[in-house]
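The values are calculated or read from the model by the stated rules, or taken from the named source; none is laboratory data. Bear in mind that the values here come from a model prediction, so they are computed numbers and not experimental data. Here the Cβ positions follow ideal geometry from the backbone for every residue, glycine too, while neighbour counts run over all protein chains shown. For the accessible areas, the whole protein counts, side chains as well, though only heavy atoms, and no ligand, DNA or RNA atoms are used. Shrake-Rupley method; radii C 1.70, N 1.55, O 1.52, S 1.80 Å.
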Amino acid sequence: MDYLTFINRTAKSDPAAPPIQFLVSGNDAVVRSHVFRDIICRCRENSQAIVVIDDTGTMDSVGCRILASSGYRIKSGMAGGYCLYNPFTIGTMKEVSRLRQLLSTFEWDEKQKGKLLSYLSLIRHIECIRNVSHAPALTPEKITEYSTVLAMEEHLQSLVEAGLIDERQRMALLAKYAECCSAAADLEDLLPVLIPFIKGEKIAPNKTNAPQALWFCTGELGEDETIRTMAIQLIQFSLEEKSGENITLIVFDRGIGNRKCILDLLKTMPEHIKTHVLSEDIFTLCDPSTLAMILNRFNTRIYGRHLAMESCEAIEKACGAMDVVKNSYQVTYDRRWAANRPWDILMGNNKTESYTQTAPAREPRYRKEMIMNLAAGSGIVEFMGNTSVFTI
């Protein structure tokens, strides 16, 4: 039976079932590509924009060809030109927290974070004086205008000449700038890395007949964990801002290496954001207790063939056990001459048959040896507590 048939039949028993979010684990490319195609078809039917985090390799993949054949316009998010999220918007505590999280990725200490917040607050205060009607957004261009002492003095002097502040206020603001200006140099070193992800067009659903798919190939960054984490953080912040919009996130996980950024994404991504994960081995991502929390996020889990016996054993446990009753049959023959007359042999009187049924015993629903030897295109689907073996 196909896994979609199983899911549809099971879903009919619970009309209040939540939207399907897929977690696929296994090194069977046939299963992964087939599930990915079904995800894309669902998104296409609903005209959903797609954001892909590909931590496996390059954009020249089967996934891109599937997207293109479904009518999606594919654009590389790593090439720049898209504003994922402006981290310098610090109007609320949530926005301040996001900036601090981003700075932690670059190993800034608390003192550096505090100085940068003071520096940005000062620039915001000066801009509010200049534009009394509204508080302007802090953009990289605006921040760069205040990056030197000379530039700051010129801005303050222009405010004095415009009659917006007096000389005493100018000196006070200049003194405040002297206290936190060291953050300007640190931020200037950070901007070249941030700008490709915070300048350009906003991510938004395309209402035309050809919805777009933004493909972020973080796998191209190799072992540069800092840049990978930063890019994924900005993608997450962007999706959280657009949680009510028609956007789906798809994550390709390579199954090996340092994947802390993927783990942090799955741990902190709000549940209401539509997310699908296709991993070559999700069970190597983290320890079992944390993994249980990750698995609980996805109501539809598909397991294909795995190479590691430890992962197969984890799937065996995840699928649970069932009661098994075993029957045994035994025959005892009487070899004495008196019991082996022709009539007794014909009627079966020369033997004793016994049937035995053991007490129910708990055994794995799917053994790890069976999981390791699944054929290509075969797997196990788990949906709403029910499991089934399927073949594509």
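Please report, as a whole percent, how much of the solvent-accessible surface of the chain comes from carbon and sulfur atoms (probe radius 1.4 Å). All intermediate terms of the calculation are to be shown ahead of the outcome.
Details: 10500 of 19590 Å².
Carbon and sulfur: 54 percent of the exposed surface of the chain.
For residue 307 and residue 137, what does the FRET efficiency come to when R0 = 45 Å and r is the distance between their Cβ atoms, rounded to the nearest 0.05?
For R0 = 45 Å, the calculated efficiency reads 0.35.
What residues from the range 238-269 fall in the zone where the backbone N is under 16 Å from a label point 7 Å along the Cα-to-C-beta line of residue 293?
260-269
Which of 283, 266, 118 sits farthest toward the positive end of the charge dipole of the chain, with +1 on the Cβ of Lys and Arg and -1 on the Cβ of Asp and Glu?
283
Between 330, 21, 112, find the one with the highest GNM mean-square fluctuation for the chain; connect C-alpha pairs within less than 10 Å.
Among 330, 21, 112, the largest mean-square fluctuation in the Gaussian network model of the chain belongs to 330.
Roughly speaking, what is the stretch gain from residue 111 to residue 153, that is 0.36 nm per residue apart minus the C-alpha to C-alpha distance, in nm to one decimal?
Length difference between fully extended and current span is 12.6 nm.
Between 346, 278, 191, find the one with the highest GNM mean-square fluctuation for the chain; connect C-alpha pairs within less than 10 Å.
Evaluated over the chain, the most mobile residue of the options is 346.
Can you give the calculated 222 nm mean residue ellipticity of the chain, where each DSSP H run of n ≥ 4 adds -39,500 (n - 2.57) and the sum is split over every residue, rounded to the nearest 500 deg cm²/dmol?
Computed ellipticity for the chain at 222 nm equals -13500 deg cm²/dmol.
Take the Cβ-Cβ distance between residue 328 and residue 65 as r, set R0 to 41 Å, and report the resulting FRET efficiency rounded to the nearest 0.05.
Plugging the Cβ-Cβ distance into 1/(1 + (r/R0)^6) gives 0.15.
Could you give the nm distance between label points at residue 190 and residue 391, where each point is 7 Å from its Cα heading toward the beta carbon?
About 5.6 nm separates the two model spin labels.
Could you give the nm distance between label points at residue 361 and residue 384, where each point is 7 Å from its Cα heading toward the beta carbon?
In this crude spin-label approximation the distance works out to 3.4 nm.
Please identify the DSSP H helices in the chain that span no less than 15 Å along the helix axis (Cα) and have a mean Kyte-Doolittle hydropathy of -0.5 or more.
29-45, 93-105, 110-130, 149-161, 182-198, 225-241
For the chain, with the dipole built from +1 on Lys and Arg beta-carbon atoms and -1 on Asp and Glu ones, taken about the Cα centre, which of 383, 10, 216 lies farthest toward the positive end?
Checking the options against the dipole of the chain, the answer is 10.
What's the FRET efficiency of residue 201 with residue 118 using the Cβ-Cβ distance as r and R₀ = 30 Å, to the nearest 0.05?
0.45
Quick one: dipole size for the range 1-74, taken about the Cα centre, charges +1 on Lys/Arg Cβ and -1 on Asp/Glu Cβ, in debye to the nearest 20.
Here the range 1-74 has a charge dipole of around 240 debye.
Mean separation of Cα pairs under 8 Å and 6+ residues apart, divided by the residue count of the range 256-366: what relative contact order is that in percent?
26 percent
Could you give the accessible area per residue of the chain, probe 1.4 Å, as a whole number in Å²?
Averaged over the residues of the chain, the accessible area is 50 Å².
Roughly what percent of Cα-Cα pairs across the chain reach past 39 Å?
39 percent
For the range 286-346, give the magnitude of the charge dipole about the Cα centre (Cβ charges: +1 Lys/Arg, -1 Asp/Glu; no others), in debye to the nearest 20.
Details: 8 positive and 7 negative charges, 51 e Å.
Using Cβ point charges on Lys, Arg, Asp and Glu, the range 286-346 gives about 240 debye.
Does the range 122-239 classify as rounded, prolate or oblate by the C-alpha gyration tensor (a ≥ b ≥ c root eigenvalues; a/c under 1.5 gives rounded; else a/b over b/c gives prolate, otherwise oblate)?
oblate
Let me know the charge dipole size of the range 43-185 about its Cα centre in debye, to the nearest 20, where only the beta-carbon of Lys, Arg (+1) and Asp, Glu (-1) is charged.
On the way: 16 positive and 17 negative charges, 80 e Å.
Roughly 380 debye, rounded to the nearest 20.
Subtracting the Cα-Cα distance from 0.36 nm times the residue separation, let me have the gained length for residue 45 to residue 144 in nm, one decimal. Write out the running numbers ahead of the final one.
Details: separation 99, 0.36 × 99 = 35.64 nm, distance 4.41 nm.
Additional length available on full extension: 31.2 nm.
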